[in-house]
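The values are calculated or read from the model by the stated rules, or taken from the named source; none is laboratory data. Since we're looking at a predicted model, the values are computed, not measured. For neighbour counting, all protein chains shown are included, and Cβ atoms are generated from backbone atoms with ideal geometry for every residue, glycine included. Surface areas here come from the heavy atoms of the whole protein model, side chains and all, with no ligands, DNA or RNA. Shrake-Rupley method; radii C 1.70, N 1.55, O 1.52, S 1.80 Å.
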Amino acid sequence: MKKVVLGSNGLEVSRLGLGCMGMSAFYTGAGQDEAGSIATIHRALELGVTFFDTAEMYGPYENEKLLGKAFKGRRDEAIIATKFGTLNHETNERQLDGSPANVRASVEGSLERLQTDHIDLYYQHRMDPSVPIEETVGALAELIAEGKILNYGLSEAAPATIRRAHAVHPVAALQTEYSLWSRDPEAEILPLVRELGIGFVPYSPLGRGFLTGAIRSLDQLDEADFRRNNPRFEGENLEANIRIVEQVDAVAAEVGATPGQVALAWILAKGDNIAPIPGTTKVKNLEDNVKADALVLSAAQLAVLDAVAAPTGDRYADMSGVNK
Ligand code: ATR
């Protein structure tokens with residue numbers, strides 16, 4: 001597995017990471033197969049995946065606890081990224097909070113659940129418009145000085161916010177949705193992170209599973225599955241978006257790969273500061289996804305993929321929390 005360095009502080013990670021969210025939250029089957037999830041994490045380590053992504057709000061808390069268990073006795077083999085800032089710790093309801101007091105309280109909880117004394121990469125999960133980013137980053141810089149976190153990142157931050165944060169303390173990584181059907185970052189975000197030397201971590205690189213071709217109907221998803229309320233998966237939009245998978249499938253057939261592998265290889269071809277974090281709960285799917293590291297697409301194939309149809313439907317029902 002090839003490695004990439006995120007940010008100017010030398011944070012080296014496998015260029016394919018593992019998104020762990022779905023093991024505990026949001027997707028069909030979440031929280032139902034702890035042994036399978038831990039086996040997937042351990043298989044990832046065997047295959048050279050070193051970059052594991054979680055957040056305090058996945059579960060909430062359960063996903064961090066799962067990683068704590070999985071990495072017991074082998075903490076040094078993993079680069080752990082987690083996130084704060086979207087959870088009220090009293091009610092466990094969603095609440096944006098970028099205050100320095102919440103940064104400090106949150107990190108202690110994450111360290112405990114992860115059973116570790118340091119977090120490799122600590123992201124603000126969503127921007128809090130009521131707290132100037134300089135204050136939040138000031139608190140994060142203190143945590144770095146104390147060794148509790150080694151690097152910090154932002155998730156779904158807007159270009160102006162990234163610049164302001166970076167001026168206070170260098171941002172190691174920006175995590176934002178990016179895939180063949182979520183291309184928004186190409187306009188401003190990708191050039192900006194390249195300019196500033198910030199790593200880019202695409203989440204949902206498989207389009208929340210859609211780009212693998214495995215989801216053809218909402219009937220496949222649990223009642224509580226997040227995707228049932230995601231505009232791109234709803235009714236006519238889902239039907240319309242299947243043409244995207246068909247276009248990816250055509251390239252996949254040409255190269256003898258799966259559409260999911262092609263979707264990942266297309267992202268990997270976008271730069272040497274990019275580390276997508278495909279999510280899976282299953283060893284078999286992980287093994288398939290990791291093969292994308294060795295898949296090299298031709299310029300012509302990349303051009304075909306660059307030209308795939310834009311999706312129908314927003315990537316969230318409520319877009320007010322992103323690009324802030
Ligand atoms: P996220 O970042 O939100 O987790 P993603 O990485 O774009 O989203 O896609 C994750 C989804 O793709 C999960 O529902 C995962 O399901 P499993 O846990 O059942 O694997 C699905 N997925 C991941 N790899 C897959 C593969 N190789 N084949 C089919 N589905 C896959």
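List of remarks:
- Solution diffusion estimate, µm²/s, Stokes-Einstein, the range 43-193, Kirkwood Rh from C-alpha pairs, 25 °C, viscosity 0.890 mPa s: 155
- log10 of Debye I(q)/I(0), alpha-carbon scatterers only, for the range 1-129 at 0.14, 0.17, 0.23 Å⁻¹: -0.61, -0.89, -1.44
- Once the Cα gyration tensor of the range 218-324 is diagonalised, semi-axes √(5λ) in Å: 25, 17, 16
- Segment E287-Q115, extension gain: residue separation times 0.36 nm, minus the distance between their alpha carbons: 59.2 nm
- Paramagnetic label reach from A294 (point 7 Å along Cα→Cβ; backbone nitrogen cut-off under 13 Å): within the range 42-78, residues 47-48.
- With the simple model of a label 7 Å out from the Cα in the direction of the Cβ, L218 to A309 spans 2.0 nm.
- Accessible-area composition of the chain, carbon plus sulfur, in percent [1.4 Å probe]: 50
- Sites K324 and A253 - FRET efficiency at Förster radius 51 Å, r taken between beta-carbons, to 0.05: 0.80
- Reachable lysines from K148, criterion Cα separation under 20 angstrom, eight or more residues apart if same chain: K65, K69, K72, K83
- Expressed in Å, the radius of gyration and Dmax of the Cα atoms of the range 3-306 are 18.4, 54.
- Trypsin sites (Lys or Arg not before Pro) restricted to DSSP loop in the range 1-101 with at most 13 other C-beta within 10 Å: K2, K72, R74
- Near M57, once Lys and Arg are set to +1 and Asp and Glu to -1 for all other residues with Cβ below 15 Å from its Cβ, the sum equals -4.
- Cross-link reach list, lysines versus K270, counting only Cα pairs under 24 Å and skipping chain neighbours closer than eight places: K2, K3, K291, K324
- Across the chain, C-alpha contacts under 8 Å between residues 6 or more apart give a mean separation that, scaled by the residue count, equals a relative contact order of 21 percent.
- Span-like helix ranges in the chain, DSSP H, alpha carbon extent 30 angstrom or more, Kyte mean at least 0.0: 235-255
- Centre separation in Å (Cα based) which lies between the range 10-24 and the range 234-287: 17
- Rolling a 1.4 angstrom probe over the protein heavy atoms with all chains in place gives the range 81-146 an accessible area of 41 Å² per residue.
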